[in-house]
Every structure is written in structure tokens, then in C-alpha cells.
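Take a look at the structure below.
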Amino acid sequence: MARPAACRVSGEDEALQLDEIIRCPACGGGPVQGLGCTACGQTFEDDAGTAKLFPSDSAVEYPVRYVPLEEVHAALGRALTIPDAYGPHDGIFHLDRAHVPHIEALPKGARVLEIGCGGGQMRRWVEGLGLAYIGTDISKTRISEWLQEYGGPDFLSDVHHLPIQDASVDLVYSAAVTEHLAAPPRAVQEIFRVLKPGGVFLGNCSFMEPWHDESFYHMSPNGAAALLLQAGFEVEAVWPSHNYSGYISLMAMGNKATQVLKFLGRVMNFYSRKFYDVKRMVRGTGAYPVQDYAADLAITAGAIDWIARKPG
């Protein structure tokens, strides 16, 4: 690899060698040594010290299982809840507090793969837990300059063709990425493939956000659940991102005129949530289950979060 091959496990002398889990994204099996596949012979480019592990031919056929609406409803019936640790995690960009316990519960040395890692801003926190962090993204420069200061990804790749061995990572984290993928079912199948049995997939996707940064697919709770079920995941939780509605995102992500008025989005979100709070209080928690409350909040949610697990 062009980038230093070791991803050090914090507090230990051992280092995770990326060569242990990297595979050729073109043929799907050959090990990559330096900047070439030893099996099929494809060579890869170097981007200022970071290997660009993209296949030369991206035309890949893949099956997509149809998920009946009843199956989606069954998953959401037990999954569309508001977790106890609800809201953004202090100090880490895009990380929801509901995801934190799943990362902290991993055994020392477990591998955490972040898809669309940006600058790798989670690396220090993850390694501080004694875990091995692996970050990949499609570019080192399509992010803000302040994120680039974190050091960047370990290698560049396309999530539709991950250059990673089967069942080789313990947890995959991906935030604000799925809406930017040209073929989310293919990408989530790849995430399912690289996870070990019992591995966890934590993520979120835009819902009521406006079209932005070449986004393709924005997802409702139904869409998120169906996407995960198609790939074979067990859905543990799906919920609307905390205190972040379409009202806010439309103002904040719009043009300069709407950004000046983004406080109106917060006002609309505040009163919308208060309406459901009053509804919940009047009906009582027994008559108004938390799943219904979460579903009401999801109607105008800016993004949808999830926790899913690979069986085994």
C-alpha cells in the first residue's frame, strides 16, 4: 500500500496491517501488494501517499430482493423507537449518541471500518477505545478544509466495490453517505459482506433534506428498513435524527436567502415537536406508544438513523 500499512491499536504494541484485509476490488480475491493485484494484474493509482483502490470496470450485476411492505412494517414495529441516548454525540461530527454504546462495547483490537470517513475525524476517539480504526472515502478533498486536517482516509475506494476481505471487520459506521450512493442496495450488500457474523452496521441517511452534493437517494423509515432487510441484516432500530427536521435542513442547506432565515426552520421544528408532545401527554404513553411518537416525528425528519446486525 502507498499509505503506511499499519493502523495502530491504541495502547498496544500490535498494529493492524491493512494488507491483512485488503483485497482487489476488480477481481474480488487477489491480494494487493504495493499498487497492484497479484492475481488479475490491475494496477492502482497513488494520491499523494494514499492508494486509490477503484476497479477499472464498475459494471457489476447484483440481485436485489423485493421486501414486502408487511416485512418492512414488522421490522419497524419493533425498531422505530427513540433510543435512550438520543441526539448528537458531543465533539464528534455526525455521530449519534445512540450509536456510541455499540462502538464502546467492542472488544479491544476489534476493527471499525468507517465508510465515507471524510478526514478521519473519528480515528482518535476510536483508537482511544483500544480499537483499530480503518477509514475510507472516495476523495481526500471533497470535504471542508477543517476536516482535511484530521489526516484523511487510509485508502480511497468505492463502497460499491469495497477492496476488503469477506467477514473481516467487526463494525461498520457510515453517516450522511447513503444518500450520495448511486446504488445503495449494492453498497449495503458490500457492507454486509465485509462484516463478521454478528457484526454491527451503524448509519444514517438523508430524508427531508434538499438535494445536495450530488445526492441520489433520500430515504424514509420504510426505505431504510427495506434497504437493510434486502441485504440480509436484522434491523435493531430505526429512528428520526434528533431535533433535525426538514424545516431546519431546507433553510440551512438552501441558498443565502434561506440561510438568513434558518431560525424560522427551528421555530417550525419546535412547534411541530411540541404538537406531538402535547398529543402524547393527552393520550397518555399507553395510548400513544413510543413507536407512534417516533413515526410522527419521522414525517418531517431531516435524516433517518439505524442500527442493524449481521446474523450469526
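The values are calculated or read from the model by the stated rules, or taken from the named source; none is laboratory data. Being a predicted model, the structure only gives us computed values, none of them experimental. All Cβ positions, glycine included, derive from the backbone under ideal geometry; neighbour counts span all protein chains shown. Remember, those area values only see protein heavy atoms, side chains included, never the ligands or the DNA or RNA. Shrake-Rupley method; radii C 1.70, N 1.55, O 1.52, S 1.80 Å.
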Tell me yes or no: at least one residue of segment 205-213 is within 22 Å of T300 (Cα to Cα), touching a helix residue (DSSP H, G or I) at 6+ places or on another chain (Cβ under 8 Å) and charged (D, E, K, R). yes
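If you go through segment 184-217, how many residues are among the acidic types (D, E) and within 14 Å of the chain's Cα centre (by Cα)?
1
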Would segment 53-65 turn up any residue that is touching a strand residue (DSSP E or B) at 6+ places or on another chain (Cβ under 6 Å), more than 24 Å from A225 (Cα to Cα) and modelled with pLDDT of 90 or more? yes
If you go through segment 177-204, how many residues are crowded, with 21+ Cβ neighbours inside 10 Å, out of contact with any helix residue (DSSP H, G or I) (no Cβ under 7 Å at 6 or more places or on another chain) and within 26 Å of A110 (Cα to Cα)? 6
If I ask for residues that are of a type in the set (S, T, Y) and not in a helix (DSSP H, G or I), which ones from segment 271-290 would you list? Y288
Limited to segment 247-268, what total is found for residues that are assigned to a helix (DSSP H, G or I), within 18 Å of A175 (Cβ to Cβ) and not hydroxyl-bearing (S, T, Y)? 2
Of the conditions (1) at pLDDT 90 or above; (2) of a type in the set (V, I, T); (3) surrounded by 14 or more Cβ atoms within 10 Å (Cβ to Cβ), T43 fails just one. Which one is it? (3)
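Hey, could you check segment 55-72 for residues that are closer than 30 Å to L147 by Cα and open to solvent by 30 Å² or more (accessible area, probe 1.4 Å) and say which is nearest to the chain's Cα centre (by Cα)? Can you show your working first?
Pass one, segment 55-72, residues closer than 30 Å to L147 by Cα: 55-56, 58.
Then keep just the ones that are open to solvent by 30 Å² or more (accessible area, probe 1.4 Å); that gives 56, 58.
Numbers: S56: 25, S58: 22 Å.
Taking the candidates together, the pick is S58.
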Might you check whether a residue that is modelled with pLDDT of 95 or more and closer than 30 Å to L129 by Cα occurs anywhere in segment 241-254? no
In segment 144-171, residues that are open to solvent by 40 Å² or more (accessible area, probe 1.4 Å) and not small (G, A, S) total 7
Of (1) under 26 Å from the mean Cα position of the chain (by Cα); (2) on the phi < 0 side of the Ramachandran plot; (3) open to solvent by less than 50 Å² (accessible area, probe 1.4 Å), G36 satisfies every one except (1)
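One line per residue, one yes/no per condition, for (1) free of Cβ contacts under 8 Å to residues at least 12 places away in the same chain; (2) over 30 Å from G151 (Cβ atoms):
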position	(1), (2)
A74	yes, yes
G77	no, yes
A85	no, no
D90	yes, no
A98	no, no
I103	no, no
G109	no, no
C117	no, no
Any pair with Cβ under 7 angstrom, 6 or more apart, that starts in segment 222-241 at a residue that is over 13 Å from A74 (Cα atoms) and ends at one that is open to solvent by 30 Å² or more (accessible area, probe 1.4 Å) and aromatic (F, W, Y): A231/F192; G232/F192; F233/F192
Quick one: count up the residues across segment 194-212 that are closer than 16 Å to A175 by Cα and in a loop (DSSP other than H, G, I, E, B). 4
Here the residues within segment 205-222 that are surrounded by 16 or more Cβ atoms within 10 Å (Cβ to Cβ) and either under 19 Å from M251 (Cα atoms) or among the acidic types (D, E) (or both) are C205, S206, F207, M208, E209, P210, S215, H218
Would a scan of segment 49-62 turn up a residue that is touching a Lys or Arg at 6+ places or on another chain (Cβ under 8 Å) and either under 21 Å from E234 (Cβ atoms) or basic (K, R) (or both)? yes
Looking at the structure I just gave you, is G30 at positive phi, surrounded by 11 or more Cβ atoms within 10 Å (Cβ to Cβ) and either touching a residue at least 24 places away in the same chain (Cβ under 8 Å) or of a type outside the set (F, W, Y) (or both)? no
